[in-house]
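Please read through the structure below; I'll follow up with questions.
The values are calculated or read from the model by the stated rules, or taken from the named source; none is laboratory data. Since this is a predicted model, take the numbers as computed values, not measurements. Quick reminder, even Gly has a Cβ in these numbers, built from the backbone with ideal geometry, and neighbours come from all protein chains shown.
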Amino acid sequence: MRNRLIAFALLFTGISVAQYQSALPGYEYKFPHDYFNHPDYQMEWWYYTGNLRATDGHRFGFELTFFRQAVARDQKNDSPWSVQDLYFAHLALSDLDGQKFYHQERINRAGPGIAGVSQADGMVWNGNWQSRWQNGAQHLQAIGEDFTLDLTLVSSKPPVIHGENGVSQKSEGRGHASHYFSLTRLLTKGEIDLHGEKFTGDGTSWMDHEFFTESLGNDEVGWDWISLQFNDNTELMLYRLRRKDGSADPYSSGTYVDAQGHSTHLALQDFTMRPTGSTWHSSESGATYPISWHVTVPSLGIDVQLAAPLASQELATGNKRSPSYWEGAITIAGKRGTALLNGVGYLEMTGYAGRLIMDH
């Protein structure tokens, strides 16, 4: 489940959702079609995060995200400048050893090829930021103000579908859900150019794709989400939906993926996910984020501690209508039963700098 720029929906609270489909049980996923556009749903995103190590040992985290927000469905207006959808994107680099965080965002209409999604071309793009599917791999390219990414990602596992019966339920009620799948272990290699210094290396990435029309309930203020890639070739995704009173919504859930790529749905009672005391305060947004966590999945013997090697990984927007959120690279240390368990992952925390509203 991801913010993921979900706050930009605030800009369009007057749009009727009646012309769009709700995410309902029974959806049948079809690949490669579902990697691409779903215009019958009002909001959709493609979300890449990853941890990389350069050949000289330098560590980085990265984020490249693409969002489509439907504005109207006017079939009579075929002008390339007609605003049927708005396309947002976020780009971020965590220089973990240099202890610096870089990020920027952009918004475009489709226009004559400015931004969009094309299954025929195997692309999702926004300006010169793009993801391209080609020859069994995904190629990420992005030119930012301070850095560039040029990465090749190859999935070692099939897509993992989250939730139950084709939907990831986010709160009580019909349609308060999304269709949500991930590629949980993308073997990644390529180049980062940071202020003219080139770093070549490799690592692992994670890709989320989610599409829906309605999602959060009125009592939910935000969420805490983690994707964990363990050193034994297994993965874990968990999200904790936070209510106004601080409690976890019962629809909080997750997914465990074994070494062969088989997935297991986890309900709230199957795991614990708790802050352990370390926090970071943002001078830009005024938010205070918990940046160390304890996670357990008793049925799987998983007991791990999560830590952020770089505390300041907030994507600060400076805009009250689209609140800031924290998303960054984390490290994992703990055990599975008596065996040591470690790895890398990503942590996202929303709603600490202002409630994210999804409903129209």
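Being at pLDDT 90 or above and either hydrophobic (A, V, I, L, M, F, W, C) or surrounded by 19 or more Cβ atoms within 10 Å (Cβ to Cβ) (or both) narrows it down to one of L96, L10, so name that one.
When all the criteria are applied, what remains is L96.
Could you please find all residues in the stretch 99-139 being surrounded by 14 or more Cβ atoms within 10 Å (Cβ to Cβ) and touching a Pro at 6+ places or on another chain (Cβ under 6 Å)?
G111
Return the residues of the stretch 293-330 that are polar (S, T, N, Q) and buried (at least 18 other Cβ atoms within 10 Å of the Cβ); say none if nothing qualifies.
Those that are polar (S, T, N, Q) and buried (at least 18 other Cβ atoms within 10 Å of the Cβ): S312, Q313, T317, S322, S324.
Can I ask one more? Within the stretch 331-360, can you find the residues that are within 18 Å of the chain's Cα centre (by Cα), modelled with pLDDT of 95 or more and surrounded by fewer than 22 Cβ atoms within 10 Å (Cβ to Cβ)?
If the condition is that a residue be within 18 Å of the chain's Cα centre (by Cα), modelled with pLDDT of 95 or more and surrounded by fewer than 22 Cβ atoms within 10 Å (Cβ to Cβ), then T331 is the only one that fits.
Have a look at G122, G144 and point out the one that is closer than 19 Å to L186 by Cβ and either touching a residue at least 40 places away in the same chain (Cβ under 8 Å) or not hydrophobic (A, V, I, L, M, F, W, C) (or both).
Only one candidate qualifies: G122.
Moving to a separate point now. State yes or no: is G286 modelled with pLDDT of 95 or more and closer than 28 Å to F60 by Cα?
no
Residues checked against (1) in contact with a strand residue (DSSP E or B) (Cβ under 6 Å, 6 or more places away or on another chain); (2) surrounded by fewer than 23 Cβ atoms within 10 Å (Cβ to Cβ):
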{"site": "R174", "(1), (2)": "no, yes"}
{"site": "A177", "(1), (2)": "yes, no"}
{"site": "Y180", "(1), (2)": "yes, no"}
{"site": "L187", "(1), (2)": "yes, yes"}
{"site": "G190", "(1), (2)": "yes, yes"}
{"site": "L194", "(1), (2)": "yes, yes"}
{"site": "G201", "(1), (2)": "yes, yes"}
{"site": "W206", "(1), (2)": "yes, no"}
{"site": "F212", "(1), (2)": "yes, no"}
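Let me ask something else. I need the full set of residues from the stretch 147-164 which are under 18 Å from G61 (Cβ atoms) and either crowded, with 22+ Cβ neighbours inside 10 Å or touching a residue at least 40 places away in the same chain (Cβ under 8 Å) (or both), in order please.
Once the filter is applied, which keeps residues that are under 18 Å from G61 (Cβ atoms) and either crowded, with 22+ Cβ neighbours inside 10 Å or touching a residue at least 40 places away in the same chain (Cβ under 8 Å) (or both), the stretch 147-164 yields F147, T148, L149, D150, L151, L153.
Could you please let me know if L315 is modelled with pLDDT under 95 and touching a Phe, Trp or Tyr at 6+ places or on another chain (Cβ under 7 Å)?
Criteria met by L315.
For G163, all conditions in the list (1) farther than 24 Å from E235 by Cβ; (2) within 17 Å of the chain's Cα centre (by Cα); (3) of a type outside the set (V, I, T) hold save one; what is the number of the exception?
Exception for G163: condition (1).
Sticking with this structure for a sec: Say we look at the stretch 215-224 and pick out the residues that are of a type in the set (D, E, K, R) and buried (at least 23 other Cβ atoms within 10 Å of the Cβ); which of these is modelled with the lowest pLDDT?
Selected residue: E220.
Ok, one more. From the residues in the stretch 65-90 that are in a loop (DSSP other than H, G, I, E, B) and of a type in the set (K, R), which one is modelled with the highest pLDDT?
Within the stretch 65-90, the match that is modelled with the highest pLDDT is R73.
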